[in-house]
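Everything on this sheet refers to the single structure shown next.
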Amino acid sequence: MAKKLVAYFSASGTTKKTAEMIAEAGNFDLCEIAPKVPYTKADLNWMDKKSRSSVEMADKSIRPEIADSNVDVSAYDEIILGFPIWWYVAPTIVNTFLEKYDLSGKKIVLFATSGGSGFGNTVSELQPSAPNAQIVEGKLLNRMSKQEISEWVKSL
């Protein structure tokens, strides 16, 4: 049986709750992609063109530093990767995570939380950061019950 890791980035706690339910439902290991410098409420103000998140998303080459998680990704066959949707794609800190590890031959299933937008070009924007991995668009898991998440986990 494939060993699975749930890795997630959560700016406000919404994606974290979902990731915890996925890990619990599948009995998978859990790893937070934590920014070295945590995001403040002002950093996340998408209405402010000078906010940290706006600047990062406007320049796709920016790679926010992540705190060391000491996760051994080589121990997993599949990574269930979650994040909030920012500007119709994954936040660039997700690229930082993908580029930090050799994910060759791994399957990466995405899940996201969103205030309204879908995955957009997320897969094509993440693929260059993990060129030898198979990145699969999973599901938007907005306000889903434990039961609904459990059903999705069984479908993986």
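List of remarks:
- Test: residue in segment 114-121 that is at pLDDT 95 or above and surrounded by 12 or more Cβ atoms within 10 Å (Cβ to Cβ): no
- In the set (1) touching a residue at least 60 places away in the same chain (Cβ under 8 Å); (2) surrounded by fewer than 21 Cβ atoms within 10 Å (Cβ to Cβ), the condition left unmet by Ile80 is number (2).
- Candidate set from segment 35-62 (those that are within 13 Å of Trp86 (Cβ to Cβ) and basic (Lys, Arg)); member that is surrounded by the fewest Cβ atoms within 10 Å (Cβ to Cβ): Lys60
- Those residues of segment 122-143 which are of a type in the set (Val, Ile, Thr), under 17 Å from Phe9 (Cα atoms) and either loosely packed, with under 15 Cβ neighbours inside 10 Å or free of Cβ contacts under 8 Å to residues at least 12 places away in the same chain (or both), in sequence order: none
- Reported count of residues in segment 115-133, each being among the polar types (S, T, N, Q) and under 18 Å from Val6 (Cβ atoms), is 1.
- Top-ranked residue in segment 51-62 [being farther than 18 Å from Gly115 by Cα and in a helix (DSSP H, G or I); ranked as nearest to the chain's Cα centre (by Cα)]: Glu56
- If you go through segment 1-50 and keep only what is out of contact with any helix residue (DSSP H, G or I) (no Cβ under 7 Å at 6 or more places or on another chain), without any contact (Cβ under 8 Å) to a residue 24 or more places away in the chain and in a loop (DSSP other than H, G, I, E, B), you end up with Met1, Gly13, Asn27, Pro38, Thr40, Lys41, Ala42, Asn45, Met47, Lys49, Lys50.
The values are calculated or read from the model by the stated rules, or taken from the named source; none is laboratory data. Here the structure is a predicted model, which means the values were calculated and not measured. Cβ: placed from backbone, ideal geometry, glycine included. Neighbour counts: every protein chain shown.
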